[in-house]
Amino acid sequence: MMICPPRFWDEYPHTATIITTYTCTASCKDCCFECSPASKARLKYDEIINFLDTLNKNFKPIKLVVFTGGECFLLGKSLFDAINYATNLGFMTRCVTNGYWGKEKNSARQIAKRLASTNLTEINISTGKDHAEWVPLECIINAVEALSEYKIKTLIVVEQDTNESKILNELISNERISALINSEKIKIQKNIWVPFHKDSIKRKETNFVANTVDKPCEQIFENIVLTPNNEISSCCGLTMEHIPEMKLGYHNGKLTPLVFKQQINDFLKIWIRTEGPYKVLKEHLHGSEIKIDEIIHPCQACVHLYQNKVIRENVKNKYIENIGRVIKQFNINERLKLELISIDKQKNKDDI
Ligand code: SF4
Ligand code: SF4
């Protein structure tokens, strides 16, 4: 089915995510990419630079480049050089890390100083019950203190706690952290933590999950991703490695917007973006073994849509009758987004 590319298409993708490596200093049991010190997939420095050059040349809407993993700080000098390179190309930059490098106050300061010299725009530090088994909270506290000394915008993202764990409260009530939060030098938020194993502890806090699980997916069409295996992906969702349809091919230095934009002809992706994978799954899971009340994250719903044979068949049998409604809503949503983007652009011009 061909869908005429709408005007908003010229504004996407606005974010590029570089999953630098699947190697990690931690081995969190429910890590979505199964990262650990034993995982070896890793991008070479030249591959990262080549991707940045391609973005700069062929993907004009890109504003933000995110460096993540695994643990991106394991790249050492290559990470700092790559952030610097991205900054010099005019991109905003973000790092996502588990903060293991905050073990000692002095070395944390050295890292923060080097990051500041790259003009990194912001950093996200992940922690929580599983993370803390590998990276003590003291590391996180040292890291965020050092980052705030160098005025680097910092967000701590905490796994949703179990009934027994109280990591979020522990951090908020820590004197050093609360001083930084109160002076607005750092921010802290919790995140859904998906159980990927049968014996994982369920962390279902009803209101929090209900507010997020059935949201439309905003990653798809807005993000372009380079994986540690040098593959291009449509998203860096938790289950992305288990959905072949998210892969757009290998990066060979010749990536053009056409490869990305051909996704406009993929109705399921439009549907996921418009109504969210949870809603689509809920309406098409009859006959399968999937239980909707066990889904707590949109990416969990997404992988069932693509992988479960019964659900795929149900979707296939019904999608024609959904096309009109979904495409109409898709166009309305995107038009509204386009208007918001142009209001933002105008406001930025007025502020200058
Ligand atoms: S720190 Fe992050 S990337 Fe590393 S194992 Fe844990 S969840 Fe995975
Ligand atoms: S919901 Fe699907 S498309 Fe969206 S980020 Fe998750 S896996 Fe990717």
Task: Distance (nanometres) between label positions extended 7 Å along Cα→Cβ at residue 291 and residue 317 - done: 2.4
TODO: For residue 189 paired with residue 57, estimate the spin-label separation in nm (one decimal), with each label point 7 Å from Cα along the Cα-to-Cβ line.
DONE: 3.5
Open item on the list: Give me the Å³ per residue figure for the convex hull around the C-alpha atoms of the stretch 1-112.
Closed with: 141
Task: With all protein chains modelled, accessible area of residue 218 [1.4 Å, Å²] - done: 110
TODO: Count the DSSP beta bridges whose two residues both fall in the chain, then state the antiparallel fraction as a percent rounded to the nearest 5.
DONE: 15
TODO: Write out the chymotrypsin sites (Phe, Trp or Tyr not before Pro) in the stretch 167-248 meeting two conditions: DSSP loop, and at most 15 other Cβ atoms within 10 Å of their Cβ.
DONE: 196
Open item on the list: Would you report the distance distribution of C-alpha pairs in the stretch 134-184 as whole percents per 10 angstrom bin, up to the bin with the largest distance?
Closed with: 22, 57, 19, 2
Open item on the list: In 20 Å bins starting at zero, report the fraction of Cα pairs in the chain per bin as a rounded %.
Closed with: 28, 59, 13, 0
Open item on the list: What percentages make up the Cα-Cα pair-distance distribution of the stretch 268-351 when the bins are 5 Å wide from 0?
Closed with: 3, 14, 21, 18, 14, 9, 8, 6, 4, 3, 1, 0
Task: Length released on extending from residue 199 to residue 138, taking residue separation times 0.36 nm less the Cα-Cα span - done: 19.1 nm
Task: Entries in 129/282; 63/187; 198/279; 113/345; 129/166; 269/318 that, when Cα-Cα distance is taken, lie over 20 Å - done: 129/282; 63/187; 198/279; 113/345
- [ ] Read phi for every residue in the stretch 305-322 and hand back ³J(HN,Hα) as whole Hz from Karplus 6.51 cos²θ - 1.76 cosθ + 1.60, θ = phi - 60°, with x for Gly and Pro.
- [x] 4, 8, 9, 7, 4, 5, 5, 4, 5, 4, 5, 4, 6, 10, 5, 4, 6, 9
Open item on the list: Test of understanding: express the Cα radius of gyration of the stretch 70-185 as a ratio to 2.2 N^0.38 Å, with N the residue count.
Closed with: 1.05
Task: Global size of the stretch 207-303 as Cα Rg and Dmax, reported in angstrom - done: 14.4, 45
- [ ] Express in nm, to one decimal, how much length is gained between residue 88 and residue 40 on full extension, taking 0.36 nm for each residue of separation and deducting their alpha carbon distance.
- [x] 14.3 nm
- [ ] With a 10 Å radius around each residue's Cβ, average the other Cβ atoms per peptide and rank 25-33, 52-60, highest first.
- [x] 25-33, 52-60
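The values are calculated or read from the model by the stated rules, or taken from the named source; none is laboratory data. The structure presented is a predicted model; accordingly, all values stated were derived computationally and were not measured. A quick note on method: Cβ atoms are made from the backbone with ideal geometry, for glycine too, and the neighbour counts reach across all protein chains shown. Ligands, DNA and RNA are stripped out before the accessible areas are found, and what is left, the full protein with its side chains, is counted by its heavy atoms. Shrake-Rupley method; radii C 1.70, N 1.55, O 1.52, S 1.80 Å.
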